Each structure stands twice: as structure tokens, then as C-alpha cells.
Amino acid sequence: MEHRGSVKPFVHFNAKSDADILHKAMKGIGTNEDTILMLLTARCNDQRQQIKAVYKKTYGKDLVSALKSELGGLFEDLIVALMTPPVLYDASELHKALKGAGTDDQVLTEILASRTSEEIKEIIKVYKKEFGGKLEKDICGDTGGSYRKLLVILLQGSREEEVDQDNIENDAKDLYAAGEGKFGTDEEKFITIFGNRSVEHLRKVFDAYKKLSGSDIEDSIKGETTGNLENLLLAVVKCVRNVPAFFAESLYKSMRRAGTDDKTLTRIMVSRSEVDMLDIRANFRKMYGQPLYTTIQEDTAGDYQKALLYLCGGKD
């Protein structure tokens, strides 16, 4: 598989010398933030974990705690995120979204709609190990209705693999009958089809739906559902059509409004930096007519901005 991340493994990697450089950057008066951000954004997550291990062995303390005590604010949040293994990062973001007052449904929707079945299975394991609870149980305790049902189906990570040619038309008709074709909405039908069919199969169903009804499935969802369920169904459709475009839109929304949604901006830039950032950039440019790089520049500041720009990786 071609590497579509903006962050790649550093070629002449030496964990020991990296650990020493970071130690020096944090020693004495003032911290050298530039050194820290340039080094860590130029290493892949796996390499950062190796640096962390060597740092502990050499200096007898946890690198992340050391970084936290030297940095602050959004920049600190971003660096800590970069130092977290990807699956643990997803699990922690979900845990944060569920515990405390209110549920951050945007996080649940973003992660569960966009991750692969394998990734979701790993997230569930790590969640249990780190937080001692079952992710499914925590989600069920915090959500309700059809929204909860679809989250639970997505959590099973059991999408079919193949395209079922015989059922493409049927699924499209069922969706039409469940939505636009009747008074009220049969949400169950939407949930079953959206949660279980393969991505390829769903693409074909959405094409068939358009032929059948003359409108896009997105319009039907917007007309038939509301709130969290609507957002989750739309996220699934967008990820089925084009995952990088889904993230490009989420990034755009996180910046282009009064006040930046830095939590979302950080989460997407960190979690996609080694996956598909190059494709996200290409989609962003196509959709919004300007580079992601420029948008980040206009919307953020300081060391936080510099680190985000390194993760973005280029101006296109």
C-alpha cells in the first residue's frame, strides 16, 4: 500500500541521540520549543515510542511527564497527542468523550464512522485495558435510541467484505421505502444497511438510490432524521464515499468559524498524519479552493501552529 501520510519514518533514526536532544531542549532556563516540535513531528509514532523508552532508561523519568511540565496550552495537548500510540489515542479520545458531564457525540461519530473494522477491534481491547470498562457498555450508558443502535453496530466491526450484486437494488428500494417513500421514517432499515454492508456495496447502493429516487441519499437523511442520528448516518455516508474528504470537511469546519475547535483540529491532524494526510490535503484544496496549510496558518498561532504545519507537511 502506498504511504499517504505526511509523516513518515525518519530515515537516519537514532532513539538515543533523539532522547538526548529532547533532554537538552528541556534543561536549564527556558525550553527550546522549536527543537521539540521539529524533532517530534519528523518522527513517526513508532519512533516516538522508542525515544520514550530510551529516555526513561537514560534519564529515569517519563518523557511525556517531562514534556508536560515544560509546555503548556494547545501546544502541550498536541505534543502529548503525538506521543500517544494511535490506538490508545483513539481509545482515550472516546473515553474523554464519554466520561464527565455530557457526551461529546462529535468524537464518537468521527471515530466510529471512519475507522476500519480491525482498528475498532483494537480500540475496544485497548479501551478495556486502559480504562477497565467495556466501550460498548459506556456508549450504551451515555447514548440512546437509534443513534445508540447504530453506534453499537459500528462497534461490532463486522461489516461484510463483499458486494452482494443481487441485493444492491433491494437495499436501495428498502432505503427509499424506509425514508422518502413513507410517512415517518423506518430508522431500523437505515441502521441495518448502513452498519453492516461493505463499503463497496454501499457505494453501489447509493448510486442505485440516486437513480431510483432522483436525489442523493444525503438529502434523504437530512430530510428524514435529526440530531445525533442524522450526523452519524451522514458521517457513515461520507466515509463510504471518501474518507479523506470527510476529514477535509471536518478540518474546514473546525477552523472556519468564530473560535477554532482546537480539539477536533488536533485530533484529526495527529490521527491522520501517518494515514492519509496527503489525500486530505488534496481533497481540502479541491473542496475549498485553498490549501489546508494556508487555512491552518490563518487560524492558529505560535508553536501550536508551527507543529500543525509540520504535520500538514506542505502547501500543495
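The values are calculated or read from the model by the stated rules, or taken from the named source; none is laboratory data. Every value quoted in this text rests on a predicted model; they were computed, and no experiment measured them. Neighbour counts run over all protein chains shown; Cβ positions are idealised from the backbone, glycine included. Accessible surface is based on the protein model in full, side chains and every heavy atom, while ligands, DNA and RNA are left aside. Shrake-Rupley method; radii C 1.70, N 1.55, O 1.52, S 1.80 Å.
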*Give the stretch 157-188 a look and list any residue that's open to solvent by 80 Å² or more (accessible area, probe 1.4 Å), among the charged types (D, E, K, R) and not in a loop (DSSP other than H, G, I, E, B), or say none.*
D166, E169, K173, E188
*Single residue of the stretch 105-149 satisfying the filter (in a loop (DSSP other than H, G, I, E, B) and either free of Cβ contacts under 8 Å to residues at least 60 places away in the same chain or touching a Phe, Trp or Tyr at 6+ places or on another chain (Cβ under 7 Å) (or both)) that is farthest from G195 (Cα to Cα)*: G132
*Hey, I79 hits all of (1) surrounded by fewer than 22 Cβ atoms within 10 Å (Cβ to Cβ); (2) over 16 Å from the mean Cα position of the chain (by Cα); (3) assigned to a helix (DSSP H, G or I) but one; which does it fall short on?*
(1)
_When you scan the stretch 248-268, do you find a residue that is within 15 Å of the chain's Cα centre (by Cα) and farther than 19 Å from L74 by Cα, even just one?_
yes
*asked:* Within the stretch 202-210, does at least one residue satisfy the condition of being under 23 Å from the mean Cα position of the chain (by Cα), surrounded by fewer than 21 Cβ atoms within 10 Å (Cβ to Cβ) and outside the structural domain of D105 (by the TED database)?
replied: yes
*With respect to A53, is the statement that it is in contact (Cβ under 8 Å) with a residue 12 or more places away in the chain, within 19 Å of E130 (Cβ to Cβ) and open to solvent by 50 Å² or more (accessible area, probe 1.4 Å) true?*
yes
*Scan the stretch 250-271 and give yes if some residue there is closer than 20 Å to V7 by Cα, of a type in the set (A, V, I, L, M), open to solvent by 40 Å² or more (accessible area, probe 1.4 Å) and in a helix (DSSP H, G or I), otherwise no.*
no
